[in-house]
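The values are calculated or read from the model by the stated rules, or taken from the named source; none is laboratory data. It should be emphasised that the depicted structure is a prediction, and the values quoted were computed from it without experimental measurement. Cβ placement follows ideal geometry from the backbone for every residue including glycine, while neighbour counts extend to all protein chains displayed.
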Ligand code: GLA
């Protein structure tokens with residue numbers, strides 16, 4: 001997360017004039033700097049993170065930028081978003097007091113920057129008051145970690161402005177603490193790891209037990225492929241019951257099978273597990289165990305044969321999420337099926353599920369055809385129009401100006 005951009009500092013600042021000017025207009029003085037963090041696509045490894053297993057996400061070229069100014073003698077936080085915000089406090093900004101933050105409170109989008117400020121303070125870092133202007137290109141609620149992009153951009157800024165010395169590993173855990181204990185979403189470490197550790201041209205292979213991370217070259221273009229995202233625009237929330245109930249089933253399965261986490265099981269253990277667990281818990285366990293194995297295989301196949309060889313693994317992952325983990329929805333299934341039928345070489349829903357986006361690894365020559373086929377399929381089914389775009393593996397969180 002400390003790697004440098006190839007642009008000179010002057011070029012970087014020039015590229016941030018829009019957000020610096022918006023900050024100045026909103027708060028009446030200059031920001032100290034601009035920081036960014038990207039959204040992510042999870043290539044494979046879903047609901048394995050909180051089971052201490054493996055994930056393989058990549059940071060994408062859609063990002064949240066924050067212009068921030070520290071208010072050293074103050075405990076006041078003022079927040080404004082280019083994508084719209086409430087209007088309490090001064091100048092249309094939302095205003096809060098760092099000494100009166102309530103975990104679980106109803107803060108809307110402000111819970112993301114406030115949550116990481118709160119988590120930093122809980123860990124002993126004194127965070128100054130601050131003013132923050134947010135501008136994000138990660139579509140909200142698209143399953144591409146729009147919330148983690150905000151959190152990771154903010155924590156990167158606040159760490160620097162507090163003068164704290166924290167590793168990427170610390171930032172991952174603090175961001176998780178903000179999500180779990182302040183925002184109230186019992187999520188794992190997948191999203192922030194991608195956003196903080198991502199690098200251009202690479203996916204991040206992460207062992208969620210010890211946070212060992214390895215960058216794996218992921219170059220779809222070399223195989224004349226594009227990674228198409230199909231945002232179904234079906235809203236989802238990981239603060240709702242579906243995510244928590246999947247997590248609870250995994251923990252119950254691990255306890256019943258006498259292992260610390262499902263990560264400790266392999267596909268060879270499944271036959272025995274089936275005898276010990278009720279059908280629902282067994283299928284939840286089977287998803288996680290087979291998904292961990294698919295992540296390892298994807299890393300091996302990517303390394304030996306490149307992106308063109310991973311299609312069947314993406315397909316198998318989707319089937320497992322649809323049938324065993326039951327976190328897909330009709331729109332995600334249609335996105336996957338219609339893209340595959342039209343020529344994508346592999347497709348799956350990505351992220352926590354219950355809505356959000358699917359990904360389809362698609363031959364470049366068929367991209368237009370696949371896009372049209374998906375749009376037609378959604379129209380015929382009477383579903384709302386999905387949003388389609390391509391992504392490439394991009395750099396993780398950093399200071400921009
Ligand atoms: C959400 C969570 C992650 C992870 C995924 C599912 O994105 O934030 O921690 O659990 O769902 O893989």
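For region 217-237, which residues satisfy the criterion of being surrounded by fewer than 23 Cβ atoms within 10 Å (Cβ to Cβ) and within 16 Å of the ligand (Cβ to nearest atom)?
Within region 217-237, 231, 234, 235, 236, 237 meet the criteria.
Can you pull out the residues in region 138-162 that are in contact with a helix residue (DSSP H, G or I) (Cβ under 8 Å, 6 or more places away or on another chain), in a helix (DSSP H, G or I) and within 16 Å of the ligand (Cβ to nearest atom)?
Answer for region 138-162, where residues must be in contact with a helix residue (DSSP H, G or I) (Cβ under 8 Å, 6 or more places away or on another chain), in a helix (DSSP H, G or I) and within 16 Å of the ligand (Cβ to nearest atom): 147, 148, 149, 150, 151, 152, 155.
Could you please let me know if residue 64 is within 16 Å of the ligand (Cβ to nearest atom) and within 21 Å of residue 129 (Cα to Cα)?
Judged against the criteria, residue 64 is a match.
So which residues in region 186-205 are more than 11 Å from the ligand (Cβ to nearest atom), farther than 9 Å from residue 396 by Cβ and outside any loop (DSSP other than H, G, I, E, B)?
Of everything in region 186-205, those that are more than 11 Å from the ligand (Cβ to nearest atom), farther than 9 Å from residue 396 by Cβ and outside any loop (DSSP other than H, G, I, E, B) turn out to be 202, 203, 205.
For the structure I just gave you, tell me whether residue 384 is closer than 24 Å to residue 62 by Cβ and within 16 Å of the ligand (Cβ to nearest atom).
no
Which one of 337, 292, 324 is more than 16 Å from the ligand (Cβ to nearest atom) and either at pLDDT 95 or above or surrounded by fewer than 21 Cβ atoms within 10 Å (Cβ to Cβ) (or both)?
337
Within region 171-181, how many residues are within 14 Å of the ligand (Cβ to nearest atom) and buried (at least 24 other Cβ atoms within 10 Å of the Cβ)?
Going through region 171-181 one residue at a time, the tally reaches 5.
Could you check region 206-216 and list, in sequence order, the residues that are crowded, with 21+ Cβ neighbours inside 10 Å and not in a loop (DSSP other than H, G, I, E, B)?
If the condition is that a residue be crowded, with 21+ Cβ neighbours inside 10 Å and not in a loop (DSSP other than H, G, I, E, B), then 206 is the only one that fits.
Considering only residues of region 119-137 that are more than 20 Å from the chain's Cα centre (by Cα) and under 30 Å from residue 234 (Cβ atoms), which is farthest from the ligand (Cβ to nearest atom)?
So the residue we want is 133.
Answer yes if at least one residue in region 92-115 is touching a helix residue (DSSP H, G or I) at 6+ places or on another chain (Cβ under 7 Å), within 16 Å of the ligand (Cβ to nearest atom) and within 30 Å of residue 253 (Cβ to Cβ), and no otherwise.
Yes, some residue in region 92-115 is touching a helix residue (DSSP H, G or I) at 6+ places or on another chain (Cβ under 7 Å), within 16 Å of the ligand (Cβ to nearest atom) and within 30 Å of residue 253 (Cβ to Cβ).
What are the residues in region 215-257 that are over 16 Å from residue 344 (Cβ atoms), touching a strand residue (DSSP E or B) at 6+ places or on another chain (Cβ under 7 Å) and in contact (Cβ under 8 Å) with a residue 40 or more places away in the chain, if any?
Those that are over 16 Å from residue 344 (Cβ atoms), touching a strand residue (DSSP E or B) at 6+ places or on another chain (Cβ under 7 Å) and in contact (Cβ under 8 Å) with a residue 40 or more places away in the chain: 216, 217, 218, 233.
Taking residue 24 as the residue in question, decide whether it is away from the ligand (no atom under 14 Å from the Cβ), in the same structural domain as residue 204 (by TED's automatic domain parsing) and touching a strand residue (DSSP E or B) at 6+ places or on another chain (Cβ under 7 Å).
Spelling it out, it is not the case that residue 24 is away from the ligand (no atom under 14 Å from the Cβ), in the same structural domain as residue 204 (by TED's automatic domain parsing) and touching a strand residue (DSSP E or B) at 6+ places or on another chain (Cβ under 7 Å).
Any idea which of 88, 25, 11 is part of a helix (DSSP H, G or I), modelled with pLDDT under 95 and out of contact with any helix residue (DSSP H, G or I) (no Cβ under 8 Å at 6 or more places or on another chain)?
Exactly one of 88, 25, 11 is part of a helix (DSSP H, G or I), modelled with pLDDT under 95 and out of contact with any helix residue (DSSP H, G or I) (no Cβ under 8 Å at 6 or more places or on another chain), namely 11.
Residues to consider are 241, 201; find the one that is out of contact with any helix residue (DSSP H, G or I) (no Cβ under 8 Å at 6 or more places or on another chain) and not assigned by TED's automatic domain parsing to the domain that holds residue 317.
That would be 201, the only listed residue that is out of contact with any helix residue (DSSP H, G or I) (no Cβ under 8 Å at 6 or more places or on another chain) and not assigned by TED's automatic domain parsing to the domain that holds residue 317.
Looking at region 100-122, I want the residues that are surrounded by fewer than 24 Cβ atoms within 10 Å (Cβ to Cβ) and have a partner that is modelled with pLDDT of 95 or more and in a helix (DSSP H, G or I) with Cβ atoms under 6 Å, at least 6 apart or on another chain. Which pairs are those?
From region 100-122, the pairs are 101/114; 101/118; 103/181; 103/182; 107/114; 118/182.
Among the residues in region 358-378, are any within 21 Å of residue 317 (Cα to Cα) and within 16 Å of the ligand (Cβ to nearest atom)?
yes
Of everything in region 340-356, what is surrounded by fewer than 18 Cβ atoms within 10 Å (Cβ to Cβ) and either closer than 19 Å to residue 188 by Cβ or within 14 Å of the ligand (Cβ to nearest atom) (or both)? Give them in sequence order.
Within region 340-356, no residue meets the criteria.
From the set of residues in region 262-273 that are in contact (Cβ under 8 Å) with a residue 24 or more places away in the chain and buried (at least 18 other Cβ atoms within 10 Å of the Cβ), which is farthest from residue 47 (Cα to Cα)?
265
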